[in-house]
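*Asks:* I'd like to ask you about the structure that follows.
Read-outs: derived from the displayed coordinates by stated rules, not from any lab. Small disclaimer: the values here were computed from a predicted structure and weren't measured. Note: ideal-geometry Cβ built from the backbone for every residue, glycine included; neighbour counts use all protein chains shown.
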Amino acid sequence: MRILERYIAWEVVKGGLVAVMVLVALVDFFTFADELGDLGKGKYDLGKVVQFVILTSPRVLYELMPSAALVGGLVTLGGLANGRELMAMQAAGASRARIIRAVLAGGLVLLAVSVSIGEWVAPGAERAANIQRALALNEQVASHSEYGVWVRDGNVFINIRDIERQESLGDINIYELGPGQTLTHATHAGKAVYDGKQWHLERIRVSRFAPEQVSAERKSSADWSSVLAPEILNAFVIRPENLSAWELLHYIDYLKENGQQSRPVEQAFWSRMVNPAVTLVMLLVAVPFVLTLRREVGMGQRVVVGVVFGLGFYLFDRMFSHFGLIYEMNPQFAAAFPTALVLVGAVIALLRMGHG
């Protein structure tokens with residue numbers, strides 16, 4: 001029996017991996033076509049477009065693995081059913097419970113692949129993709145370190161410690177260099193806001209450096225004529241969906257310590273916790289679909305069923321997540337409810353199938 005279980009598990013793994021590769025390739029194609037609209041802007045050439053698509057692929061794979069597991073499970077188990085292999089296994093003494101256990105064992109392998117990529121590869125690759133795209137499009141020199149974001153605007157060097165969003169910055173230092181690369185002005189602003197045309201600084205301290213003296217002054221606000229593009233800062237805005245679970249946990253602590261709103265980050269963290277279980281739930285959904293459909297049902301029909309159900313679940317999960325934020329639901333409930341609902345449906349279908 002162990003040989004049969006390993007066989008089923010391996011077929012599920014192969015089906016899931018093939019399905020996720022096909023889905024990722026499809027999404028990458030549309031991403032590539034969409035990015036071609038920006039081709040030629042700044043230094044964003046074809047090589048940069050390809051690099052962006054490659055770097056965003058791990059995140060796409062992580063998000064699509066549950067749907068791919070469903071499609072792969074339907075196709076794989078459907079093939080076994082059409083070939084009467086499942087019937088032969090049951091005639092040889094393999095119960096439906098053992099078949100389900102073998103399917104879930106294959107799901108655990110897919111889950112391990114998904115979590116490994118989602119936690120250790122996707123976050124860094126996604127941030128690198130957004131940064132290189134922003135830099136290429138805006139042609140401004142920028143870097144990111146533990147001391148914040150550094151941007152060069154001609155002879156002006158800008159250090160930004162806090163980016164709430166791309167149009168609202170905090171704790172900004174501006175260093176202006178004169179002839180001979182000597183420091184002439186050092187400005188600190190508590191906040192900078194972009195109104196769509198230019199920046200406005202608030203809570204300003206300006207230090208001027210002359211050969212013989214240093215002078216300082218304070219201002220409540222002032223216009224800032226920098227050509228700094230808000231779009232370039234978009235790459236450095238912290239997005240919860242682009243952080244690993246460990247990074248989200250630390251970010252939640254940071255926000256709470258500073259008295260900031262942490263609900264969106266908490267919900268993103270719990271979504272990360274729930275997401276691995278979605279892969280297993282999708283495989284559970286595949287079992288009653290296969291064992292209750294007629295064997296004459298073709299592969300194409302099974303793929304359509306898998307894609308429609310997987311896409312429907314994905315949209316419902318995203319919609320419920322937004323509702324959770326709007327109506328301030330418990331983050332654990334908002335993250336887990338869609339998956340729990342499908343799990344209950346799958347279990348009921350399995351129980352009805354067992355009594356049938």
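*Asks:* Counting other C-beta atoms within 10 Å, which of Leu36, Leu17, Leu55 has the fewest, and how do the rest follow?
*Replies:* Working: Leu36 11, Leu17 17, Leu55 21.
Ascending number of Cβ neighbours within 10 Å: Leu36, Leu17, Leu55.
*Asks:* Quick one: putting +1 on the C-beta of Lys and Arg, -1 on the C-beta of Asp and Glu, what dipole do you get for the stretch 142-228 around its Cα centre, in Debye to the nearest 20?
*Replies:* On the way: 10 positive and 12 negative charges, 25 e Å.
Dipole size: approximately 120 debye.
*Asks:* Any idea what angle helix 263-292 forms with the longest principal axis of the chain, computed on alpha-carbon atoms, 0 to 90 degrees, nearest 10?
*Replies:* Taking Cα atoms only, the helix is inclined about 20 degrees.
*Asks:* Full-extension gain between Arg161 and Ala33, please, as 0.36 nm times their residue separation minus the C-alpha to C-alpha distance.
*Replies:* On the way: separation 128, 0.36 × 128 = 46.08 nm, distance 3.48 nm.
Gain on stretching Arg161 to Ala33: 42.6 nm.
*Asks:* Report, to the nearest 10°, how far helix 245-257 tilts away from the longest principal axis of the Cα atoms in the chain, using its own Cα long axis and a range of 0 to 90°.
*Replies:* That works out to roughly 50 degrees.
*Asks:* Going by average Cβ density within 10 Å per residue, which order do the peptides 239-250, 275-286 take, highest to lowest?
*Replies:* Values: 239-250: 16.8, 275-286: 24.0.
Descending packing order for the listed peptides: 275-286, 239-250.
*Asks:* Now for a different question. How would you rank Arg84, Arg263, going from fewest to most other Cβ atoms within 10 Å of each one's own Cβ? The partial results should precede the final answer.
*Replies:* On the way: Arg84 11, Arg263 16.
By the 10 Å Cβ count, ascending: Arg84, Arg263.
*Asks:* Which entry is the computed semi-axes √(5λ) of the Cα gyration tensor in Å for this structure: (i) 53, 21, 15; (ii) 34, 23, 22; (iii) 37, 21, 19?
*Replies:* Recomputing semi-axes √(5λ) of the Cα gyration tensor in Å here gives the entry labelled (i).
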